[in-house]
Amino acid sequence: MRLVFKILGNVLTIICLLLVASGVFYLIKARLDGGVPQVAGHALYVVLSGSMSPAFDPGSLVAVVPAEPAAVSKGDVITFKDPNDPAKIVTHRVAEVIRDGTKVSFITKGDANNADDRTPVPAANVLGRVQFAVPYAGFVVDFVKKPAGLVLFIILPSLAVIVSELIHLYRLLRQEEEKAEVEEPVKAGAEAGF
């Protein structure tokens with residue numbers, strides 16, 4: 001039974017290390033690229049306001065996949081650059097699709113808002129369609145981006161693993177020393193003819 005717990009502990013440790021390592025990789029990569037963190041083709045955005053409640057509460061992490069404007073339809077939730085402030089990223093539901101010849105734009109609305117957004121969203125501003133959301137995970141992502149989060153989620157776990165491995169190595173060395181001490185008197189006794 002002890003062996004089973006040891007194996008399960010090792011498996012859980014490996015899984016945690018892989019999750020931490022992949023999270024660190026994607027966050028650092030996004031920071032170096034100056035872009036948005038991406039995992040398996042999904043761009044990850046944090047919901048900052050309550051305009052999409054109850055579908056997505058503030059702090060939710062939404063996973064967005066690229067979508068062709070022609071494939072976006074009424075009712076889809078899209079993430080886009082605000083037409084009035086391209087530095088601002090918004091996630092709202094498509095209330096209406098406007099097709100004017102070859103041009104496509106979208107009237108959007110937050111689920112919690114009483115009115116449609118004032119400015120139609122040009123197809124070029126659409127970053128993608130929301131595939132799924134993870135409630136409150138955005139708080140963790142935002143926290144990890146800060147120095148305190150970096151320490152808590154990356155440096156401390158890394159130090160814990162290093163200390164754990166050093167303790168494990170120390171115990172192995174002690175066992176080897178004890179084994180050598182036991183074998184030495186037996187070997188000396190055998191040489192003396194006992």
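The values are calculated or read from the model by the stated rules, or taken from the named source; none is laboratory data. This is a predicted model, so every value here is computed, not measured. Because the Cβ atoms are built from the backbone with ideal geometry, glycine has one as well, and the counts that use them run over all protein chains shown. For accessibility, only protein heavy atoms count, side chains too; no ligands or nucleic acids. Shrake-Rupley method; radii C 1.70, N 1.55, O 1.52, S 1.80 Å.
Figure legend. Inter-residue proximity from segment 44-60: first residues closer than 14 Å to residue 77 by Cβ, second residues open to solvent by less than 20 Å² (accessible area, probe 1.4 Å) and small (Gly, Ala, Ser), beta-carbon distance below 7 Å, spacing 6+ or different chains. Indicated pairs: 47/59; 47/60; 47/138; 51/110; 52/110; 60/138. Residue 45 satisfies every condition listed in (1) closer than 28 Å to residue 149 by Cα; (2) open to solvent by less than 30 Å² (accessible area, probe 1.4 Å); (3) part of a strand (DSSP E or B) except (2).
Within segment 137-150, is even one residue outside any strand (DSSP E or B), farther than 20 Å from residue 37 by Cα, at pLDDT below 80 and open to solvent by 70 Å² or more (accessible area, probe 1.4 Å)? No - not one qualifying residue is present in segment 137-150.
Within segment 158-185, residues that are within 14 Å of residue 17 (Cα to Cα) have Cβ atoms under 7 Å from residues that are surrounded by 10 or more Cβ atoms within 10 Å (Cβ to Cβ) and at pLDDT below 80 in these pairs: 161/17, counting only partners at least 6 apart in sequence or on another chain. The residues listed here are 65, 97, 126; of these, the one that is more than 18 Å from residue 38 (Cα to Cα) and either under 22 Å from the mean Cα position of the chain (by Cα) or of a type outside the set (D, E, K, R) (or both) is 97.
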